[in-house]
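Below is one structure; the comments refer to it alone.
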Amino acid sequence: MGYSMCHNLLDSVRRCDPSALLPSKKPDAHVTKGDRDVPPPFKSMALAKNSSDSTIVRRSGNFHPTIWHDDYIQSLKSDYVAESYTIKIENLKGEVTEMFHKMVDPLKQVEKIDILQRLGISYHFEDKIRRMLDKMHKTHYGGDVCREQSLYATALEFRLLRQKKYHVPQDIFKSFTDEKGNFKECLCDDVEGMLALYEASFFLIEGESILEEARDFTTKHLKDYVDKSTNQNLHAMVNHALEFPLHWRVKRLEARWFIDVYRSREDMDPILLQLAELDFNMVQAVHQEDLKEVSRWWKSTGLGELSFVRDRVVENFLWTVGISFEPQFGFVRRMLAKLGALITIIDDAYDVYGTLEELELFTEVVERWDVNAMEKLPYYMQLSFLNLYNTVNDLALDTLKEKGLNIIHYLKKGWADLCRCYLMEAKWY
């Protein structure tokens, strides 16, 4: 619920401009009366900062404290912010662009695109990649008959096109099946082709039986290959893919892993490797600055001092890096991290700490979106709502100034919908 809510709130902002790793909750055992759950008794709506804890018996999620403190976060430094690095990376990008101009072999083109994506640097060349894929799609899939290629080339091209939302039929793999519709056993000797088909199979659409069969077929034979492989580099690639397919992985973490793998490959291009290493460090420096700002905001809210909360601002930020790592999307990362932190706090209030009467009042205040109405709330809810109110209004103001769009109505509705759902869960409990 939290992911969908957070994603929808910023969807319009992302279009205009572009699960958190949280511990499982372990609420204390609840009181029961017969077969019916009974919420903790409500005794007071105390507004004093600490008085409510002394008058109401509250549950605890037993969440461990944060391991990331603001002092440490603010001490993070990077050398990769100097202008000399910016000049160097532009020169390397120019050399890669020259490579694109010289490539005419379609297989070399798709291999280069795949490597750029895995190294995490394809975002520098999106226009060139899009033109290549457009031409590739028109050439190979513009008519009734697709060009015959090897399994490796076909599967790699299929995956690159499908992940960019091109229409590519699963029937292109029929040439690799026998008269019974099963994949030919002789394909097992082509490990790179099998690995490419395995990765491509995760882009299937519901009901595509050929790709379902491809996934089962390749998984079985790739597992057999891992048991007897002597090629260290290919063994690492296959083992990595079987653990999680590429389509399911976080791009930034995958790039960090693949940089090390690519460094040891015989066909390694030193220009691509140098660009990937430099770009990773420069982007990481941008992320560190984003995190510093989010951490300063979090400290200023005072929410981390509440006794019942999960202080997980860094985990929430890492989640946003998984969504949009590109350096130009810093606003999206910072705002999503703030919204994720607020969702976490409010979720804990509904799931663990608040009484049913308090939660009903909080839901009403969020629905009204009125700071004057929050006087009825206990201190921890006043603090939570006012931070929510200010952060969301700031987001709406920034969007209005930058894009001329007033999105406050949609943001208010999104938070009201979320709190109503949380209240329903609390009533079920």
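Here, each number is a calculation from the coordinates, and none is a lab measurement. On a predicted model such as this, the values are computed, not experimentally measured, just so you know. When we count neighbours, we look across all protein chains shown, and the Cβ atoms used for this are built from the backbone with ideal geometry, even at glycine.
Checking the cross-link filter: which lysines have an alpha carbon closer than 25 Å to that of Lys88, excluding same-chain neighbours under 8 positions apart?
Partners found: Lys77, Lys102, Lys112, Lys128, Lys251.
Go through region 144-214 and name the GluC sites (Glu not before Pro) that are in a DSSP coil and have 12 or fewer other Cβ atoms within 10 Å of their Cβ.
Numbers: sites: Glu148, Glu157, Glu179, Glu185, Glu192, Glu199, Glu206, Glu208, Glu212, Glu213; in loops: Glu148, Glu179, Glu206, Glu208.
Sites meeting the loop and neighbour criteria: Glu148, Glu179, Glu206.
What distance in nm separates the two pseudo spin-label positions at Phe100 and Lys135, each 7 Å out from Cα along the beta-carbon direction?
So the label points at Phe100 and Lys135 sit 1.1 nm apart.
How far apart, in nm, are the 7 Å Cα→Cβ label points at Glu293 and Lys413?
2.9
Taking neighbour counts of Cβ atoms within 10 Å as a proxy for exposure, in what order, fewest first, do Thr154, Thr320, Thr66 appear?
On the way: Thr154 23, Thr320 27, Thr66 16.
Ascending Cβ contact count within 10 Å gives the list Thr66, Thr154, Thr320.
Which GluC sites (Glu not before Pro) does region 242-279 hold that lie in a coil by DSSP with at most 15 other beta carbons within 10 Å? Please report the intermediate quantities before stating the final value.
Values: sites: Glu243, Glu254, Glu266, Glu277; in loops: Glu266.
Passing sites in region 242-279 are Glu266.
Amide H neighbours of Arg58 under 5 Å, at least 5 residues apart or on other chains, H built in the peptide plane: list them.
The list, which skips near neighbours in sequence, is empty: none.
Nearest 0.05, what FRET efficiency do Glu364 and Leu397 give at R0 = 30 Å with Cβ-Cβ as r? Kindly include the intermediate steps, with their values, before the conclusion.
Working: r = 25 Å, r/R0 = 0.82.
So, using R0 = 30 Å, E works out to roughly 0.75.
If a/c stays under 1.5 just call it rounded; otherwise compare a/b with b/c (prolate if a/b is bigger, oblate if not). Do that for region 212-323, with a ≥ b ≥ c from the square roots of the Cα gyration tensor eigenvalues. List each step's numbers first, then the result.
Numbers: a/c = 3.74, a/b = 1.75, b/c = 2.13.
Taking the square roots of the gyration eigenvalues as a ≥ b ≥ c, region 212-323 is oblate.
What does the helix-only formula give at 222 nm for the chain: each DSSP H stretch with n ≥ 4 adding -39500 (n - 2.57), the total divided by the residues, and the result rounded to the nearest 500 deg cm²/dmol?
On the way: 18 runs with 263 residues, N = 429.
Mean residue ellipticity, 222 nm, calculated: -20000 deg cm²/dmol.
With each pseudo-label sitting 7 Å past Cα toward Cβ, what's the Leu356-Met268 distance in nm, one decimal?
A separation of 6.3 nm, rounded to one decimal place.
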